[in-house]
Amino acid sequence: LDRGARMLAVVTPRRITAFRTADGDLRWVLPARAGCAFAPATSLRRANALLIAQPCADDTVAWSERIVAVDGLGRIAAHRTPLGNELPGQRRPDGAGKRLASPR
């Protein structure tokens, strides 16, 4: 999912799952919308985003809801607050985040 190959996405018709490549930890799961299914063969990478088609049986579903954008942190949406994917004890690549206090 990312240029550094830190995350791996597995796209199936029912869900998208993302794993951290360093240790195989499951980081997030995105289920397909009810009545829809992801089409793994019809995806496109643009910069840091993976766009995946999600065809639906219901013709009233807007075209914009038939495309899902994800990145290493999950579904791309306005005002999201992702948890991050760093290994425990590591800082984010951008240096953000708080360090944990040392155990006593």
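Using just the alpha carbons, could you tell me how many Å³ per residue the convex hull of the stretch 7-75 encloses?
Working: hull volume 5.4 nm³, N = 69.
Each residue corresponds to 79 Å³ of Cα convex hull volume.
Would you list ASP71, ASP58 from fewest to most Cβ contacts within 10 Å?
Ranking ASP71, ASP58 by Cβ neighbours within 10 Å, fewest first, gives ASP58, ASP71.
Please list, in chain and number order, the residues 5+ apart from THR21 or on another chain whose amide H is under 5 Å from its amide H, with Hs placed from the backbone.
So THR21 has HN proximity to MET7, LEU8.
Read the figures in this text as sums done on the coordinates, not as results from a lab. Just so it is clear, the model here is predicted, and its values are computed rather than measured. Every residue, glycine as well, gets a Cβ built from its backbone with ideal geometry; the counts of neighbours run over all protein chains shown.
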